[in-house]
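Following: one structure in structure tokens, then a few remarks.
The values are calculated or read from the model by the stated rules, or taken from the named source; none is laboratory data. From a predicted model like this one, the values you see are computed outputs, not experimental measurements. Using ideal geometry, Cβ is built from the backbone for each residue, glycine included, and neighbour counts are taken over all protein chains shown.
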Amino acid sequence: MRRFVNGCVLPWLLLAAAICHGGEVASSLAVGLTPEQLGVVINDADPNSVEVGEYYIEARNIPPQNVVRVNIPGKPRKIGAEQFAQLKAAVESGFGPQVQAMVLVWTSPYMVNCNSITSALTMGLDAAQCRNTCGVGKPNPYYASNSKQPYTDYRMRISMLLPADSISQAKALIQRGIISGFRQEAGSAYLLITADKARNSRAHFFPKPMFIRDAKLMIKPMRANSIQNEKDVMFYLTGLPTVAKLGTLEFLPGALADHLTSFGGDLLGEQQMSSLRWLEAGATASYGTVSEPCGHWQKFPHPLVMIKSYLSGYSAVETYWKSVKWPAQGLVIGEPLAAPYRHLAKSETAESQAVESEPMPSD
């Protein structure tokens, strides 16, 4: 299905408004989550979690009633259903209805059986997925939605993990998220179609090259296994088990980056590149699966939904959660409140009303 506005062919994506309206982004009236809507979960058994969590609370001015403290000794990478049930009960009883999202301040645990801990806390533990990790996932009702209050609308507290094994790196990550809300630099979205055909399942959703004037963002789809020496990275989406030359790049504050592969979310594993490498290289948020997903694009961030959501003013945690259709195995990491395009959300105009969007691609 296609729609025409002022003689321009419009795909569903908001980005096309940049072409048909002289490079201006039409508003979707998003505002993004605020600190008053974010809950912080600290593991008192992990000194790094305590220090980083308290730093985050002060840096982001999180209300005291939005803080829950739990006790998970030993830093296990994976916890079972019984221990998870205790964690979920503590979180659910500790947060009031104003808390729409939460951040877990630790590196591990990051798995609950075959589920990621962020998906299990957000949507509930999906035991059926573990019987066949390559099977169809449980649909995410928040996917590609216009919801600004996921808990109010869907009883989902979307969650993100803020790694804390390195206190200095965690604090630098938090600062990148904060800085992203105060200045916007010209950036690029690097969307790579690699030689690894098995990991290119979402590449056919990449938009065409274009410049979005209001966002000062250049969309750059390309055939390459990596990029190097680029200084303006705001998005970097690719598909490889290991991504080379990350150390040559400069990520802008608020940058989102991830690689479609089986075990990127196994943060401390050694089978493939951990999603932690993106944060260490300077990205502000990332994503990876913790168990074998078998390449379904629905288990990874949809590039069009991701870019549209972020440019509409949503925060990093909202953007990642809006972008994944089957998220049970996917771990979301980074600084949740980063929102470099929040300033673009403004009052709806007749022009923005004229821009209609295509329905999401089906399976």
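Please indicate, with yes or no, whether at least one residue in the stretch 210-233 is under 30 Å from N115 (Cα atoms), surrounded by fewer than 20 Cβ atoms within 10 Å (Cβ to Cβ) and touching a Pro at 6+ places or on another chain (Cβ under 8 Å). Checked the stretch 210-233: no residue is under 30 Å from N115 (Cα atoms), surrounded by fewer than 20 Cβ atoms within 10 Å (Cβ to Cβ) and touching a Pro at 6+ places or on another chain (Cβ under 8 Å).
Once the stretch 142-188 is narrowed to residues that are over 17 Å from A59 (Cα atoms) and β-branched (V, I, T), the residue that is surrounded by the most Cβ atoms within 10 Å (Cβ to Cβ) is I158.
Which of the residues spanning the stretch 150-200 are acidic (D, E), more than 30 Å from N43 (Cα to Cα) and out of contact with any strand residue (DSSP E or B) (no Cβ under 7 Å at 6 or more places or on another chain)? Lay out the reasoning, then the answer.
Quick first cut of the stretch 150-200, residues acidic (D, E) only: 153, 165, 185, 196.
Right, trim to more than 30 Å from N43 (Cα to Cα) and you get 185, 196.
D196 - this is the single residue of the stretch 150-200 that is acidic (D, E), more than 30 Å from N43 (Cα to Cα) and out of contact with any strand residue (DSSP E or B) (no Cβ under 7 Å at 6 or more places or on another chain).
For first residues located in the stretch 224-243 and within 22 Å of E185 (Cα to Cα), partners that are surrounded by fewer than 20 Cβ atoms within 10 Å (Cβ to Cβ) and polar (S, T, N, Q) and lie 6+ apart or on another chain with Cβ distances below 7 Å form the pairs Q228/T248; N229/T248.
When V40, V52, V99, V68 are screened for being in contact with a strand residue (DSSP E or B) (Cβ under 6 Å, 6 or more places away or on another chain), assigned to a loop (DSSP other than H, G, I, E, B), more than 27 Å from L217 (Cα to Cα) and modelled with pLDDT of 95 or more, only V99 passes. Scanning for something within 14 Å of P336 (Cβ to Cβ) and either under 10 Å from the mean Cα position of the chain (by Cα) or free of Cβ contacts under 8 Å to residues at least 24 places away in the same chain (or both), does the stretch 294-303 turn up at least one residue? Taking every residue of the stretch 294-303 in turn, none turns out to be within 14 Å of P336 (Cβ to Cβ) and either under 10 Å from the mean Cα position of the chain (by Cα) or free of Cβ contacts under 8 Å to residues at least 24 places away in the same chain (or both).
Looking only at the stretch 92-109, decide whether some residue is aliphatic (A, V, I, L, M) and more than 21 Å from A316 (Cα to Cα).
no
Only helices (runs of 4 or more DSSP H) whose full extent lies in the stretch 124-204 are considered here, and the ones with at least 2 residues that are among the aliphatic types (A, V, I, L, M), out of contact with any Gly (no Cβ under 9 Å at 6 or more places or on another chain) and modelled with pLDDT of 95 or more are 167-180. Scanning the stretch 205-237 for residues that are in a loop (DSSP other than H, G, I, E, B) and closer than 22 Å to A345 by Cα gives P207, R213, D214, A215, K216.
When you scan the stretch 139-182, how many residues do you find that are at positive phi and in contact (Cβ under 8 Å) with a residue 40 or more places away in the chain? Selection size over the stretch 139-182: 1. In the stretch 303-323, the count of residues that are acidic (D, E) and either surrounded by fewer than 24 Cβ atoms within 10 Å (Cβ to Cβ) or within 23 Å of M218 (Cβ to Cβ) (or both) is zero.
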